[in-house]
Amino acid sequence: MANKFNTKNYDYLIVGAGPFGMTFAYEAAKRGKKSLVVEKRSFIGGNTHTHVENGITVHDFGAHIFHTDNKMVWDYVRQFAEFNGFQNQVVANYNGKLFNLPFNMNTFYQMWGTKTPAEAKAKIEEQKAEALKELGDRQPRNLEEQAISLIGTDIYQALIKGYTEKQWGRKATELPAFIIKRLPVRFIYDNNYFNHRYQGIPVGGYTQIFENMVERSNGLIDVLTDTDFFDHKDEFLAEFPRVLYTGMIDQFFDYKHGELEYRSLRFESETIDSDNYQGNAVINYTDADTPFTRQMEWKHFDGLADEGKTIITREYPQDWDRTKEAYYPVNNEKNTELYKQYVKEARENAPEVMFGGRLGKYRYFDMDQVFNDALNTVREEFGIDDDFNFAHDDVK
Ligand code: FAD
Ligand code: UDP
């Protein structure tokens, strides 16, 4: 390894400069511990990384909206950035017809012309009874059953089936039910994509959060970018007594029990000579034939004026293989069983390594869950009961 840093000076090696790794490094620094963070990409922030172009903040790995009910986490992240009040209101385009998401009275009106909650509920019940005759009292076993039992067949066919099957590269009948429960179903006229009380996006983007962590660490966080842990694995493990690893857990063990499945993505961005191209931050293309799932127009995340150019990004799902980025764990039964073997392996053969984050824990975590879990790991590692609360003056 290019010996830029003397590895003996560190308390922790942290693999991955995403929210999990950086939060742990920052909290360790507050407790006087020094970390070397190695990151295979050339920048910090993981999948939340953003950059500013023509005055527009672009999220490099898909739209990231911070949303949580966890007041502690909300206060925690606002130490490092000011947040705007962005509320995601997604529009779905199904073969040229537009619907509001998530599923609410506007969607039901657009689909059926129903005007009251009772009419909409009756329509859903009728379709559910027809499509899922044998469901009875048992719980829905897969995403298709879950979706139909929540919103009926018409909306399932138009807004869920095509989108879901291209997003995951699998039949909706082969996907776990919990995935669709991420989206609210409401019988009021409310297009807010999330139910959470606290929502927003950092003004100027997410990257500053992690830059501020490094800056406020008083020199106790060193970051080595463009460095893949696996290029120096044996050396790192020999030299660091304690490691936090936020990459793929199966890769850490050289896939010895087999590969966990992931879903990958490809992003295609364009600067367009238009002051306002699509009139909304996110438009989902829910038919099966359009190869991308959603199209973002970044200026709308910051409420920027209709002037100058605009930047859009299309998100194309793709199969994962070892040459591609793993964006989503596929948390079905088969992978859950395999993941348990890796957890056992970690406990028995790598007790000096903590595994964390979306890839280290193989869990479909949102950012707030990742910050919360990282702070829990800090509590365990330092044997403390800190509630990480801040006096209001500390919160910018
Ligand atoms: P990551 O952010 O993935 O960071 C892990 C880092 O480890 C990466 O930088 C990676 O390069 C590095 N790494 C991995 N292996 C190695 C190695 N071998 N050597 C060195 N470095 C390595 N969450 C929300 O709350 N709201 C949203 O709106 C939202 N939208 C999303 C949209 C998309 C398209 C995706 C993919 C995710 C979205 N998320 C959202 C989830 C969010 O991205 C994650 O919760 C968060 O990034 C997880 O943080 P992490 O630190 O666990 O992992
Ligand atoms: N989904 C859908 N149609 C949509 C949007 C989402 O069927 O227009 C389903 C799809 O299966 C997706 C899941 O709901 O994977 C969760 O959506 P979310 O927007 O939370 O996905 P993420 O932002 O995590 O990719």
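Numbers below:
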| item | result |
| --- | --- |
| Estimated FRET transfer efficiency (Phe388, Asn280; beta-carbon r; R0 35 Å; 0.05) | 0.50 |
| Per-residue SASA entry for Lys181, accessible area with 1.4 Å probe, Å² rounded to 10 | 120 |
| Per-pair calculated FRET efficiency, R0 = 22 Å: Thr173 and Arg138 via Cβ, rounded to 0.05 | 0.90 |
| Average accessible surface area per residue within segment 83-181, 1.4 Å rolling probe, Å² | 47 |
| The chain, helix-only ellipticity at 222 nm - DSSP H runs n ≥ 4, -39,500 (n - 2.57), divided by all residues, nearest 500 | -9000 deg cm²/dmol |
| Segment 139-212: relative contact order as a whole-number percent, Cα under 8 Å and 6+ apart | 33 |
| Spin-label pair Arg363/Met72, simplified geometry with 7 Å Cα→Cβ offset, distance in nm | 1.4 |
| Candidate residues Tyr277, Tyr342, Tyr285, Tyr328: accessible-area rank, largest first, probe 1.4 Å | Tyr277, Tyr285, Tyr328, Tyr342 |
| Simple spin-label estimate for Arg379 and Phe253 in nanometres, 7 Å along Cα-Cβ | 2.7 |
| Nearest-10 value in Å² for the accessible area of Leu150, using the 1.4 Å probe | 60 |
| Cα centroid separation - segment 348-380 against segment 247-262, whole Å | 16 |
| Additional length obtainable on full extension of the chain from Asn6 to Lys121, 0.36 nm per residue less Cα span | 34.9 nm |
| Difference of contour (0.36 nm per residue) and Cα-Cα distance, Glu348 to Glu270 | 23.3 nm |
| Area of Thr323 that stays accessible when all protein chains are in place (1.4 Å probe, Å², to 10) | 120 |
| Average accessible area per residue (Å²) across segment 267-379 - probe 1.4 Å, nucleic acids and ligands excluded | 45 |
| Carbon plus sulfur fraction of accessible area for the chain, probe 1.4 Å, in percent | 44 |
| Rg/Rg_globular for segment 291-396, with Rg_globular taken as 2.2 N^0.38 Å and Rg from C-alpha atoms | 1.53 |
| Relative contact order %, the chain, counting alpha carbon pairs below 8 Å whose residues are six or more apart | 26 |
| For Phe83, distant residues with modelled amide H under 5 Å away | Val203 |
| J(HN,Hα) series, segment 208-217, from Karplus relation 6.51 cos²θ - 1.76 cosθ + 1.60, nearest Hz, glycine and proline x | 4, 4, 7, 5, 5, 4, 5, 4, 7, 8 |
| Farthest positive-ward along the chain dipole, Cα basis, beta-carbon charges - from Phe108, Ser274, Thr377 | Phe108 |
| Radius, Kirkwood style, for the chain when every pair of distinct Cα atoms is counted (Å) | 22.7 |
| Integer Hz, Karplus 6.51/-1.76/1.60 couplings in order for segment 68-83, x for Gly and Pro | 7, 9, 8, 4, 4, 5, 4, 5, 4, 5, 6, 5, 10, 6, 8, 9 |
| Pair Asn95, Tyr316: separation of 7 Å Cα→Cβ label points (nm) | 2.4 |
| Segment Asp306-Asn84, extension gain: residue separation times 0.36 nm, minus the distance between their alpha carbons | 78.1 nm |
| Relative contact order for segment 53-189, counting Cα pairs under 8 Å that sit 6 or more residues apart, in percent | 23 |
| Table column - 3J(HN,Hα) (Hz), segment 24-39, Karplus curve with 6.51, -1.76, 1.60, x for Gly and Pro | 4, 4, 5, 5, 5, 4, 4, 9, x, 9, 9, 10, 9, 9, 9, 9 |
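The values are calculated or read from the model by the stated rules, or taken from the named source; none is laboratory data. Predicted model, so just to flag it, every value in this text is computed and none were measured. Virtual Cβ from ideal backbone geometry, glycine too; neighbours counted across all protein chains shown. Accessible surface is based on the protein model in full, side chains and every heavy atom, while ligands, DNA and RNA are left aside. Shrake-Rupley method; radii C 1.70, N 1.55, O 1.52, S 1.80 Å.
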